[in-house]
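The values are calculated or read from the model by the stated rules, or taken from the named source; none is laboratory data. Owing to the predicted nature of the structure, the values given are computational and were not obtained by experimental measurement. Because the Cβ atoms are built from the backbone with ideal geometry, glycine has one as well, and the counts that use them run over all protein chains shown. Accessible surface areas use protein heavy atoms only, side chains included; no ligands, DNA or RNA. Shrake-Rupley method; radii C 1.70, N 1.55, O 1.52, S 1.80 Å.
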Amino acid sequence: MDWHIPAGEAVFMKRMFYSRRGWFSTLLHTLRPQETEVGFSTTLAIYIARHFTLNTLAMVLALTGLVSLFDFIDLLRRAATRPDVPTSLILEIAGLHIPYYVIYVLPFGILLGGIVCFSRLTRSSELIVARAAGISAWQFLASPLACALMIGLFTTTGISALSSTMYRQAEFLDQSYLRTGGGPLTMQGGELWLRQADEGLVPHGVAILHAQNVRLNKSTLEVSGVTIFRLDDRDRLIVRVESPLGILANQEWHLNDSAVLKPDHLPQKIGALTLPSDLTVSRIQESFASPDTLSVFTLPGFIHLLEHSGFPSIRHRLHFQSLLALPILAGTMALVSAGFSMRPTRRGGVARMLGSGIAAGFALFTISKVAEQFGESGALPPVLAAWAPTGAGLCLAVALLLHMEDG
């Protein structure tokens, strides 16, 4: 049989071969038949994973630096009216915010890094050669997807713990030097409602405490105008305790000049009363603080304590679910970047596709923030508010890849 190749295609193939002779020979060597029989080349997987990881880390660092710069400028603006605050303190607060911003910009870093990586590999025809050798898009996307999942998992388990510690210190410095009028961490003034376990009268009992005024004195919480409702396990009132003054120290409430009121009984003075508690001053402070000051490992126990004590835990549960969804969101962003950037350059419309990918990423961010607001307001369950944007992005990415791979 006489094989005939048109002159135009022959010139194009010859030009591609000699212009990329060095890396083409290496790439074709990795795709030799004895390796493709296994299904995928380990060398090619490492090659793509290395390019993806380096581009992703570069984008994450660049975005973090940009956001930190704006944060530093905002801190300088706030400190302009405070001559006693040195610039070194502003730098310290801005530096303590860096791990928090790494978590914040990670999905965008993976999206932009993946777009840069896959567009370069497509423009240099490396992915085209790999697909021509019989490797599907799902196969050579396995290694970048695994890298994205590992980056997200490391961020959830490692960077979140570092971020919570540093962010808590930054909040303390911000509260001490830059803010006026106190804040939730100062625990000065205002009313306080608490709910805690109380097994002093009946098993599985509950005590609800209301204080008209609160003041923090070092490691002791002083309350005045105290009313305690001691209930049974069915939330039926057993006794009511009134006290003009009380303190919380060493996980015990110490009440002075207490009076006990029982149903169908006259008030009875009992003087000093000690009520055990599973609360501490730091736990009460943390309940008013931002959930970003808690790591993914301490959040489950703290959420249980909040619910047991009567504090609202929606923000903390939403933050916990968002951290759990972060690895899946990272993998989703990797697939979205691949779906929008692997279009062959000869087909045209590459710039439009890349712009669409970036727009899709920002749209996903907007959806996640809207869902977060619905979750904080209680309109959506925290699990749905945290995982719905990730699921929507994953469906979009899979649809794009199916269209690109199977037409």
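Here are a few things to note about the model shown:
- Rounded to whole Hz, the Karplus (6.51, -1.76, 1.60) HN-Hα couplings of the stretch 371-376, x for glycine and proline: 5, 5, 5, 5, x, 5
- Normalised by the number of residues in the stretch 245-287, the mean separation of alpha-carbon contacts (under 8 Å, six or more apart) gives a relative contact order of 38 percent.
- Candidate residues 147, 395, 117: accessible-area rank, largest first, probe 1.4 Å: 395, 147, 117
- Computed extension length for residue 212-residue 132: 21.3 nm, one decimal, from 0.36 nm per residue of separation with the Cα-Cα distance subtracted.
- Pairwise label distance in nanometres, residue 157 with residue 69, each label 7 Å out on the Cα-Cβ vector: 3.5
- Qualifying trypsin sites (Lys or Arg not before Pro) in the stretch 207-266, where qualification requires a DSSP coil assignment and no more than 13 other C-beta atoms within 10 Å, comprise 218, 234, 236.
- Calculated Rg and Dmax of the stretch 240-335 using C-alpha coordinates, Å: 20.2, 71
- Largest to smallest principal axis extent of the C-alpha atoms in the stretch 76-232, angstrom: 78, 55, 18
- Cα point-scatterer Debye curve for the stretch 221-273, base-10 log of I(q)/I(0) at q = 0.17, 0.19, 0.28 Å⁻¹: -0.54, -0.66, -1.07
- Residue by residue, the stretch 65-73 carries 3J(HN,Hα) couplings of x, 5, 5, 5, 5, 5, 5, 5, 5 Hz when phi is fed to the Karplus relation 6.51 cos²θ - 1.76 cosθ + 1.60 (θ = phi - 60°); x denotes Gly or Pro.
- The distance separating the Cα centre of the stretch 116-182 from that of the stretch 40-91 comes to 12 Å.
- Compared with the rule-of-thumb size 2.2 N^0.38 Å for a compact globular protein, the stretch 96-163 has a Cα radius of gyration ratio of 1.40.
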